[in-house]
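Below is one structure. I have some questions about it.
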Amino acid sequence: MKTIIKRLAVLTVLVLLFNSCTKDSIPSTPCTPIACLNGGTSRADCGCDCPQGFTGTNCGTQITPNQVKITNIRVTKFPDTKPNGSWWDTLPNSDADIKLTLQNSSQTTLWTSPTYYPDATGIGAVSYNFVPTTPIIITNLTSGYIMNIYDRDTLSDEFIDFVAFNPYNSSGGFPTTKTFTNASSTFSFELTLSYVW
């Protein structure tokens with residue numbers, strides 16, 4: 001019995017000695033912090049926690065989203081008159097009754113504005129918001145798109161202008177608004193965007 005008690009006492013001392021040597025008492029090798037990009041935050045192990053849409057050691061790699069959603073289209077500029085200088089409509093309400101269509105690169109119409117702005121002017125600081133009833137979902141992010149603006153008429157809508165654009169860029173982050181202008185600077189619009197990964 002004394003032998004068992006002695007063995008238990010020695011075992012207890014060994015357990016206590018082993019447990020007193022914790023990791024805290026062993027000097028750790030310090031790490032060198034790295035600069036986290038794109039809003040990433042530094043961790044205690046000198047790595048980075050990346051925000052949604054970014055990956056990599058320092059959050060420097062942008063992830064392509066699965067979808068871009070367009071929730072608002074704001075027209076900021078369009079030709080106030082026809083190329084020959086005449087009005088879009090007859091007097092007294094001679095300005096265009098503007099509406100929009102969105103097409104893919106094959107010129108298939110993806111969306112048509114259900115509303116229009118009567119007698120809209122393209123002169124000065126204009127702002128005409130077209131809010132889709134449900135977000136326009138873009139899944140082909142490598143393809144181009146075309147925004148067309150028309151003068152809504154009783155018999156047939158009259159084409160005013162267009163902008164070729166891509167709502168997503170593989171660099172530059174994920175802005176919630178992007179502005180697009182055609183090559184002749186005659187038609188501009190701003191998209192309100194959200195992203196789905």
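The values are calculated or read from the model by the stated rules, or taken from the named source; none is laboratory data. Since this is a predicted model, take the numbers as computed values, not measurements. Glycine gets a Cβ as well: all are built from the backbone with ideal geometry, and neighbour counts include every protein chain shown. The accessibility values were calculated without ligands, DNA or RNA, using every heavy atom of the protein model including side chains. Shrake-Rupley method; radii C 1.70, N 1.55, O 1.52, S 1.80 Å.
Enter the angle in degrees (range 0 to 90, nearest 10) between the Cα long axis of helix 2-20 and the first principal axis of the Cα atoms of the chain, meaning the one along which they spread out most.
The helix 2-20 is inclined about 30 degrees to the chain.
May I pose another question? With every protein chain left in place and a probe of 1.4 Å, what is the accessible surface of Glu158, to the nearest 10 Å²?
Probe radius 1.4 Å; accessible area of Glu158 about 50 Å².
Just to verify a number: what accessible area does Val196 come out at with the full protein assembly present, 1.4 Å probe, Å² rounded to tens?
Rounded to the nearest 10, the figure is 50 Å².
While we're on this one: Largest first, how would Cys36, Cys31 line up by accessible area (1.4 Å probe)?
Cys31, Cys36
Given a 1.4 Å probe and every protein chain left where it sits, what share in percent of the accessible area of the chain is carbon and sulfur?
The C+S portion of the solvent-accessible surface of the chain is 56 percent.
Suppose each label sits 7 Å from its Cα in the direction of the beta carbon; what would the Ala164-Val196 distance come out to in nanometres?
According to this spin-label approximation, the distance is 2.8 nm.
Go ahead and run the numbers for FRET between Asn72 and Arg43, Cβ-Cβ distance against an R0 of 25 Å, rounding to 0.05.
The value I calculate is 0.10.
Order Tyr150, Tyr116, most accessible first, counting only protein heavy atoms with a 1.4 angstrom probe.
Ranked list, largest accessible area first: Tyr116, Tyr150.
Considering only the other residues whose Cβ falls under 13 Å of the Cβ of Ser86, what net charge follows from Lys and Arg at +1 and Asp and Glu at -1?
-4
Still on this structure: Can you compute the label reach from Thr64? Point 7 Å from Cα along the Cβ direction, backbone N cut-off under 11 Å, restricted to segment 131-158.
The answer is 140-143, whose backbone nitrogens lie closer than 11 Å to the label point.
Compare the Cα positions of Pro92, Asn148, Pro135 along the charge dipole of segment 92-159 (+1 at Cβ of Lys, Arg; -1 at Cβ of Asp, Glu; about the Cα centre) and return the one farthest towards the positive end.
Farthest towards the positive end: Pro135.
Under 16 Å from a point 7 Å along the Cα-to-Cβ line of Asp119: which residues of segment 68-89 have their amide N that close?
87-89
Probe 1.4 Å, all protein chains in place: accessible area of Lys77 in Å², nearest 10?
Here the accessible area works out near 90 Å².
Accessible area per residue for the chain in Å², computed with a 1.4 Å probe and the full protein assembly in place, what is it?
62 Å²
How far is it, in nm, from the label point at Gln107 to the one at Asn140 when both lie 7 Å from their Cα along the line to the Cβ?
About 1.5 nm, to one decimal.
Given the DSSP H assignment, sum -39500 (n - 2.57) over each helix run of at least 4 residues in the chain and divide by its residue total; what's the result at 222 nm in deg cm²/dmol, nearest 500?
It comes out at -3500 deg cm²/dmol, rounded to the nearest 500.
Below 8 Å, C-alpha to C-alpha, sequence gap of six or more: please give me the relative contact order for segment 62-121 in percent.
Once normalised by length, the contact order is 25 percent.
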